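*Asks:* Have a look at this one before I ask anything.
The values are calculated or read from the model by the stated rules, or taken from the named source; none is laboratory data. Just so you know, these numbers come straight off a predicted model, no measurement behind them. Positions of Cβ are backbone-derived with ideal geometry, glycine not excepted, and every protein chain shown enters the neighbour counts. Surface accessibility is based on the protein's heavy atoms, side chains included, excluding ligands, DNA and RNA. Shrake-Rupley method; radii C 1.70, N 1.55, O 1.52, S 1.80 Å.
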Amino acid sequence: MKELLRDLGLNVRIFFQGAYLSYLALFAWIRPPHYIATKVVGPVFYMIFFVLMGAYVAGRNDPSFYVIGNAMQTAALSGVFGVSMSIDGDRWGGTLIYLFGSPANRLALFLGRAFMHILDGVFGVIIALGWGLLIFGLDLSQTHLPALALTILITVFSTAGMGLMLGCLGLITRNVMLVNNTIFFLLFVFSGANVEIGSLPGWAQAVSSIIPLTRGIAAARLLIGGESLAAVGPLLWGEFLVGAAYAAIGFLMFRQFEIIAIRRGTLEAF
Amino acid sequence: MGAEAIPDVHGHAGRPPSSCRPIVHCPFVAFYEVCFNFRMNTIEVQDLRRVYNASIGAIRRSRKEIVAVDGISFHIEQGELFGLLGPNGVGKTTTVKMLTTMLIPTSGRIRILGLDVVKDAKKLRPRIGFIFGGERGLYWRLSGVDNLRYFGSLYHLDPDATRKRIPKLLEMVGLSDRGEEKVEGYSRGMKQRLHIARALLHDPEVLFLDEPTLGLDPVGARDLRVIIRNLQAENKTILLTTHYMFEADALCQRIAVINKGKIVAEGSPAQLKSIVSDLSVIEVEIFGGVDDRLPALRALPAVDALSIENREQKQVLLIQSPAGAEAVSTILKLLDGVRVGKVAVREPTLEDAYIRLVEGEA
Ligand SMILES: Nc1ncnc2c1ncn2[C@@H]1O[C@H](COP(=O)(O)OP(=O)(O)OP(=O)(O)O)[C@@H](O)[C@H]1O
Ligand SMILES: [Mg+2]
């Protein structure tokens, strides 16, 4: 028993070390100016743009709809871009052969790539909500904050699930950025960040229901509007399961990629 | 450097407990080794073949089979430094990839440390280390130390033990004072030395070095060779590929010369040299093109193998000939009209043996 615990402790430390270092190693925006521009300043402009747009086009004078939507959408910056680049990045560095040549536990390796981006993404959403408080007077007085924190975490997790899958798609197709940009805007349009899902046509609503973010954004709006955690429970479970499903598909692709690359000798093609 | 024992990943000096290598440490085998001067083969390769399916053409795609490795067999003994030598594109890297579990053979069998590389890949990976030449394959945004820590986590090494081991490894490869710097600022040679440290991190029993001196200047390449030689003193079994004969000569106990996917000769440097011992090498300096004369020269009975070396403004024809000095006049006659410089006849070197082996096939 004692040994088991010690082994577990060791494995956890190894996991964190790997997760942390791979984040530093593979994250393209790690340089401070770049990071701040993308994650801290960028979201403000989105928010301002959509609040103004919303006021003119949709005649909506309550900015909180857009503030919450765009703040939650920043989750995808880390979840989709950050994570997929971390998975795909090894191809560019020529490190795949050393990665797969190691006895590393593939699941831990795979999930480790997402770990820091999830923390980072949570941080990003909080900053964006902070802007909302500061600039648009977002009202959190009715909000159960721990529930909101959980919602943010789950939402970032689910975008990261998507990112894991997209990263593997990048490994296979060798063109991660094209896929990423497409998906990012897909999320933008269909997640309900800036439009009411109810106002979308039926097929679009179907898309909304199978992508990350949709339920997380809805839950965040409800919580900030004063609802309880129990009320958003089903939404959160749904968001979590969507993310887990993408992550699972991603992991299967990751394993398959390794097996096929070793069979065909394409581990180093790029 | 190198001679002192590096503490292993378990924190103590020297080899891991013998339980890791039951066969070699079995008393009967040790007895056998002593009495009959017989050693277990660490690596056994049998009729290894690999065919790639390359697609050619961007629009009308068609498939083409490339036979990269064409039925090679060899074995490497425990503690041996074995060289796989051959010109570009003859299948060295392909062979090393198969040996390191990173490519499935089309047919044939490889056993390393008693394990099958395909079936037992998982068990084998922690016990081997490898590098594929060049600067890629490191995380350039991380420092040298962090690269090693990361690879340590991939090998499930205890972070504390790795932290203690890293300075020793860096010292061994001469990077002690640069370990904290980001790899993107490293020179080519530094990156390649860091690769060696990476490959040694988990204290593997077998090492595969695919062109470790690729692209290094003569001094850098020499430093790296010193490091490799020191590794052997650590009782590692090493397979090295190179296309430099002198490198194989300087380092390896045994060499297999590979050409077009096949092993064309195998033996100690001295044995390989004896292939050409009955020949002389005629060196003819020439200025200007001679391509039109080459077929006629090659056709001469007195010419066994011919190669051309470029040296500054001139070229040197290297002709291996059983006739020695007597062939010179015939050769010069064929070179009539070409500006010829110095002509010399000398004893063959290992380099000449290599040229003969890979030219002879052409
Ligand atoms: N993934 C691949 N797909 C198709 N053909 C390949 C692949 N990898 C290697 N080849 C071909 O197989 C042959 C052997 O290549 P290999 O890289 O093993 O040679 P090498 O001896 O290592 O050469 P070098 O000295 O240039 O490194 C070459 O003809 C090469 O073009
Ligand atoms: Mg090669």
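*Asks:* Determine whether B:I76 is more than 9 Å from chain A (Cβ to nearest Cβ) and either in a strand (DSSP E or B) or of a type in the set (G, A, S) (or both).
*Replies:* Yes.
*Asks:* Given the conditions (1) more than 13 Å from ligand 2 (Cβ to nearest atom); (2) part of a strand (DSSP E or B), and given that B:L84 satisfies all but one, which numbered condition is not satisfied?
*Replies:* Unmet condition: (1).
*Asks:* Hey, another quick one. Please find, within the stretch B:95-149, the residue that is farthest from the other protein chains (Cβ to nearest Cβ) out of those that are of a type in the set (A, V, I, L, M) and part of a loop (DSSP other than H, G, I, E, B).
*Replies:* Checking each candidate, the answer is B:L113.
*Asks:* B:K92 fails exactly one of the following numbered conditions: (1) within 16 Å of ligand 2 (Cβ to nearest atom); (2) free of Cβ contacts under 8 Å to residues at least 24 places away in the same chain; (3) more than 10 Å from chain A (Cβ to nearest Cβ). What is the number of that condition?
*Replies:* B:K92 satisfies every listed condition except (2).
*Asks:* Any idea which residue in the stretch B:63-92 is farthest from ligand 1 (Cβ to nearest atom), counting only those that are farther than 16 Å from B:R254 by Cα and open to solvent by less than 50 Å² (accessible area, probe 1.4 Å)?
*Replies:* Within the stretch B:63-92, the match that is farthest from ligand 1 (Cβ to nearest atom) is B:G71.
*Asks:* Quick test of your reading of the structure: B:G341 fulfils all but one of (1) crowded, with 16+ Cβ neighbours inside 10 Å; (2) assigned to a strand (DSSP E or B). Name the failing condition by number.
*Replies:* (1)
Conditions (1) small (G, A, S); (2) modelled with pLDDT under 90; (3) farther than 29 Å from B:G71 by Cα, marked per residue:
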| site | (1), (2), (3) |
| --- | --- |
| B:E266 | no, no, no |
| B:G289 | yes, yes, yes |
| B:V303 | no, yes, yes |
| B:S321 | yes, yes, yes |
| B:E326 | no, yes, yes |
| B:T349 | no, yes, no |
| B:A362 | yes, yes, no |
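*Asks:* Kindly check whether there is at least one residue in the stretch A:171-186 that is at pLDDT below 90, open to solvent by less than 20 Å² (accessible area, probe 1.4 Å) and over 23 Å from A:L109 (Cα atoms).
*Replies:* yes
*Asks:* Are any residues in the stretch A:1-48 within 15 Å of B:H156 (Cα to Cα) and open to solvent by less than 90 Å² (accessible area, probe 1.4 Å), and if so, which ones?
*Replies:* A:D7, A:G9, A:L10, A:N11, A:V12, A:I14, A:F15, A:Q17, A:G18, A:A19, A:L21, A:S22
*Asks:* In the stretch B:177-199, is there at least one residue being more than 12 Å from chain A (Cβ to nearest Cβ), surrounded by 17 or more Cβ atoms within 10 Å (Cβ to Cβ) and acidic (D, E)?
*Replies:* No, that holds for no residue.
*Asks:* Given the criterion of a type in the set (G, A, S) and touching a residue at least 60 places away in the same chain (Cβ under 8 Å), identify the matching residue among B:S268, B:S277.
*Replies:* Going through B:S268, B:S277 in turn, just one is of a type in the set (G, A, S) and touching a residue at least 60 places away in the same chain (Cβ under 8 Å): B:S277.
*Asks:* For the stretch B:184-224, what are the residues that are at pLDDT below 95 and of a type in the set (V, I, T)?
*Replies:* Passing the criteria: B:I196, B:T213, B:V219.
*Asks:* Pairs under 9 Å by beta carbon, first residue under 21 Å from A:L21 (Cα atoms) and acidic (D, E) in the stretch B:128-149, partner within 15 Å of ligand 1 (Cβ to nearest atom) and open to solvent by less than 30 Å² (accessible area, probe 1.4 Å), six or more apart or different chains?
*Replies:* Cβ pairs passing all conditions: B:E135/A:G94; B:E135/B:Q192.
*Asks:* Additional query: Within the group A:Y23, A:Y35, which residue is in a helix (DSSP H, G or I), of a type in the set (S, T, Y) and in contact (Cβ under 8 Å) with a residue 12 or more places away in the chain?
*Replies:* A:Y23
*Asks:* For the stretch B:212-242, enumerate the residues that are open to solvent by less than 10 Å² (accessible area, probe 1.4 Å), free of Cβ contacts under 8 Å to residues at least 60 places away in the same chain and either among the basic types (K, R) or over 17 Å from B:G189 (Cα atoms) (or both).
*Replies:* Passing the criteria: none in range.
*Asks:* To continue, here is another question. Kindly indicate which of A:G167, A:G161 is more than 14 Å from every other protein chain (Cβ to nearest Cβ), under 30 Å from B:V96 (Cα atoms) and within 15 Å of the chain's Cα centre (by Cα).
*Replies:* A:G167
*Asks:* Scan the stretch B:108-132 for residues that are surrounded by fewer than 17 Cβ atoms within 10 Å (Cβ to Cβ) and within 16 Å of ligand 1 (Cβ to nearest atom) and jot them down.
*Replies:* B:G108
*Asks:* Please go through the stretch B:240-253 and give me each residue that is within 13 Å of ligand 1 (Cβ to nearest atom) and within 19 Å of B:P204 (Cβ to Cβ), ordered by number.
*Replies:* If the condition is that a residue be within 13 Å of ligand 1 (Cβ to nearest atom) and within 19 Å of B:P204 (Cβ to Cβ), then B:L240, B:T241 are the ones that fit.
*Asks:* Let me ask you something else. Test of understanding: among A:I259, A:I217, A:I172, which residue is in a helix (DSSP H, G or I) and within 14 Å of chain B (Cβ to nearest Cβ)?
*Replies:* Criteria check complete, one pass: A:I259.
*Asks:* I'd like to check something: does the stretch A:3-11 contain any residue that is more than 10 Å from chain B (Cβ to nearest Cβ) and either within 26 Å of A:R91 (Cα to Cα) or hydroxyl-bearing (S, T, Y) (or both)?
*Replies:* no
*Asks:* Ok, one more. Please find, among A:V207, A:V232, A:V242, the residue that is surrounded by fewer than 21 Cβ atoms within 10 Å (Cβ to Cβ) and either of a type in the set (V, I, T) or in contact with an Asp or Glu (Cβ under 6 Å, 6 or more places away or on another chain) (or both).
*Replies:* Selected residue: A:V207, the only one of A:V207, A:V232, A:V242 that is surrounded by fewer than 21 Cβ atoms within 10 Å (Cβ to Cβ) and either of a type in the set (V, I, T) or in contact with an Asp or Glu (Cβ under 6 Å, 6 or more places away or on another chain) (or both).
*Asks:* Let me ask another. Return only the number of the condition from (1) more than 16 Å from ligand 1 (Cβ to nearest atom); (2) within 29 Å of B:L350 (Cα to Cα); (3) free of Cβ contacts under 8 Å to residues at least 12 places away in the same chain that B:Q46 does not satisfy.
*Replies:* Tallying (1) more than 16 Å from ligand 1 (Cβ to nearest atom); (2) within 29 Å of B:L350 (Cα to Cα); (3) free of Cβ contacts under 8 Å to residues at least 12 places away in the same chain, B:Q46 fails exactly one: (3).
*Asks:* Given (1) closer than 20 Å to B:L209 by Cβ; (2) in contact with a Leu (Cβ under 8 Å, 6 or more places away or on another chain), identify the lone condition not met by B:S268.
*Replies:* The failed condition is (2).
*Asks:* Condition check: open to solvent by less than 40 Å² (accessible area, probe 1.4 Å) and away from ligand 2 (no atom under 16 Å from the Cβ). Does B:E285 satisfy that?
*Replies:* yes
*Asks:* What single numbered condition from (1) assigned to a loop (DSSP other than H, G, I, E, B); (2) more than 9 Å from chain A (Cβ to nearest Cβ); (3) open to solvent by 10 Å² or more (accessible area, probe 1.4 Å) fails to hold for B:R163?
*Replies:* (1)
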